[in-house]
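The block underneath contains the structure these notes are about, expressed in structure tokens.
The values are calculated or read from the model by the stated rules, or taken from the named source; none is laboratory data. Here the structure is a predicted model, which is why all the values come from computation and not from measurement. Cβ atoms come from the backbone with ideal geometry, glycine included; neighbour counts cover every protein chain shown.
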Amino acid sequence: MTASRLSQPMPLTVAALYKFVPLPDVEALRGPLEALCEGLGVTGTLLLAREGINGTVAGRSQAIEALLAELRTGPLFGGRLRDLDCKLSQAEAAPFRALKIRVKREIVTFDAGATDATKAGIPVAPEDWNALLDTEGLLLIDTRNAFEVALGTFPGAVDPGITRFSAFRDYVDGLDPAAHPHVAMFCTGGIRCEKAGAYMRARGFADVRHLEGGILRYLETVPDSENRWRGDCFVFDGRIALGPALVERPDHAPETLR
């Protein structure tokens, strides 16, 4: 191996993770979790709340593997994150400058915790998503913010035109459940859909489904020949956007997002 190849930086692993799970001891978890991430050289942001954990972090592959192992089976969370949802991708440069561990009221801001995300709609595997899109009379909703939708979406999806996720409630309140017997929704990683789906079910929408693992899992799983996604997927880190197979696509970002 040549010296030039040895000097090339290794790609970083980026982990987008979340789980809705009761964490009544959230304040006591912050310090040990921060120490764990610092010891592994992991950067990014993790949010903790009584309703669960959410965030995106980056580091060497071994560091991310060690972090996920500790979260899922280590003593810190006592097995409460055993089935933690996580999407892995790669970054050529560090997408985060520092580590932030924060305790919040919610892991995704919506309605101050009034909606119980554990009562979300039915998850649909990426492999089954295309068949669902062909459902007659389906109301397909992109639950993300308008600037994210502008970068890419599924054909036929409704854009609620929101600039913050909490405004999704106003959009739903303007819909008639009887006029929409079948609803499907999607977001970047799945977390917003669980909150949004639970909110819609609480307001009388009978059949509410969401893309399991979000757009990231779909782009990672579904082959190009079957992929119905159009455009790129905005991500909340230094990479800006990802395309099929989670390939980094910062050159496709609108000027307002750079």
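Laid out as a table, the results:
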{"quantity": "Candidates 194, 220 - the one that is part of a helix (DSSP H, G or I) and in contact with a His (Cβ under 9 Å, 6 or more places away or on another chain)", "calculated": "194"}
{"quantity": "Long-range neighbours under 7 Å by Cβ, at least six apart or interchain, first residue at pLDDT 95 or above within the stretch 127-138, second surrounded by 14 or more Cβ atoms within 10 Å (Cβ to Cβ) and of a type in the set (A, V, I, L, M)", "calculated": "129/211; 132/124; 132/184; 133/140; 138/184"}
{"quantity": "Filter pass, residue 82 being in a loop (DSSP other than H, G, I, E, B), modelled with pLDDT of 95 or more and closer than 21 Å to residue 103 by Cα", "calculated": "yes"}
{"quantity": "Residue 110 in contact with a helix residue (DSSP H, G or I) (Cβ under 6 Å, 6 or more places away or on another chain) and in a loop (DSSP other than H, G, I, E, B)", "calculated": "yes"}
{"quantity": "Condition met for residue 40 (without any contact (Cβ under 8 Å) to a residue 40 or more places away in the chain, among the aliphatic types (A, V, I, L, M) and surrounded by 15 or more Cβ atoms within 10 Å (Cβ to Cβ))", "calculated": "yes"}
{"quantity": "Only one of 16, 49 that is modelled with pLDDT under 95 and among the hydrophobic types (A, V, I, L, M, F, W, C)", "calculated": "16"}
{"quantity": "Hits in the stretch 178-191 (condition: crowded, with 16+ Cβ neighbours inside 10 Å and part of a helix (DSSP H, G or I))", "calculated": "191"}
{"quantity": "Filter result (closer than 10 Å to residue 190 by Cβ and part of a strand (DSSP E or B)) within the stretch 200-217", "calculated": "210, 211"}
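Rundown of residues vs (1) surrounded by 22 or more Cβ atoms within 10 Å (Cβ to Cβ); (2) modelled with pLDDT under 95, yes/no style:
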| site | (1), (2) |
| --- | --- |
| 194 | yes, no |
| 204 | no, no |
| 211 | yes, no |
| 214 | yes, yes |
| 220 | no, yes |
| 230 | no, yes |
| 234 | yes, yes |
| 253 | no, yes |
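Every residue, every condition in (1) crowded, with 18+ Cβ neighbours inside 10 Å; (2) touching a residue at least 24 places away in the same chain (Cβ under 8 Å); (3) under 28 Å from residue 205 (Cα atoms); (4) not aromatic (Phe, Trp, Tyr), yes or no:
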site	(1), (2), (3), (4)
69	no, no, no, yes
72	no, no, no, yes
78	no, no, no, yes
90	no, yes, no, yes
93	no, yes, no, yes
97	no, yes, no, yes
105	no, yes, yes, yes
114	no, no, yes, yes
118	no, yes, yes, yes
